[in-house]
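One structure is given below, encoded as structure tokens.
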Amino acid sequence: MKVDFSKELIDLDGKTVDSSATDKTPATVRKVVCGALIASYPDEANLNPEEKVKRWNLALRVQKELDPIDFKTDEIALMKKLVGKAYGPMIVGQVWEVLENGISE
């Protein structure tokens, strides 16, 4: 499935969400997914190096490619899982919608 990671995230009032307290650029699906892929999680303290490299390489693909990217089902599932761990409902809801629906060709 192809996914467009450029979508800007909004709050409940329809205003663009900032990337962070110090980064006032708009938060995008790309930034959120990359952040979730490269984060460390307390329940994954013993994550094997192969999985870490897999996540790193996936984050590089998402970050570097500006056009919609084609992903396997298991890659989408991993992104959804990690975004779900890393963020709250407002962000997870919007990112999951993009990841689940992809783009029509």
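Here the condition is being closer than 21 Å to L9 by Cα, of a type in the set (V, I, T) and surrounded by fewer than 17 Cβ atoms within 10 Å (Cβ to Cβ); of I103, I91, it holds for I103 alone.
Residues checked against (1) acidic (D, E); (2) modelled with pLDDT under 95:
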residue: D4; (1), (2): yes, yes
residue: L37; (1), (2): no, no
residue: W56; (1), (2): no, no
residue: I91; (1), (2): no, no
residue: N101; (1), (2): no, yes
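Of the listed requirements (1) out of contact with any Lys or Arg (no Cβ under 6 Å at 6 or more places or on another chain); (2) in contact (Cβ under 8 Å) with a residue 60 or more places away in the chain, I38 misses just one: (2).
Residues in the range 68-88 that are without any contact (Cβ under 8 Å) to a residue 40 or more places away in the chain and in a loop (DSSP other than H, G, I, E, B) were compared, and the one that is nearest to V29 (Cα to Cα) is G88. Select from the range 1-56 the residues that are surrounded by 11 or more Cβ atoms within 10 Å (Cβ to Cβ), outside any loop (DSSP other than H, G, I, E, B) and among the aliphatic types (A, V, I, L, M) and list them in ascending order. Hits for the range 1-56 are V3, I10, V29, V32, V33, A36, L37, I38.
Of the residues in the range 65-78, not one is loosely packed, with under 13 Cβ neighbours inside 10 Å, among the small types (G, A, S), farther than 15 Å from M1 by Cα and at pLDDT 95 or above.
The values are calculated or read from the model by the stated rules, or taken from the named source; none is laboratory data. Quick caveat: nothing in here was measured; it's all calculated off a predicted structure. For neighbour counting, all protein chains shown are included, and Cβ atoms are generated from backbone atoms with ideal geometry for every residue, glycine included.
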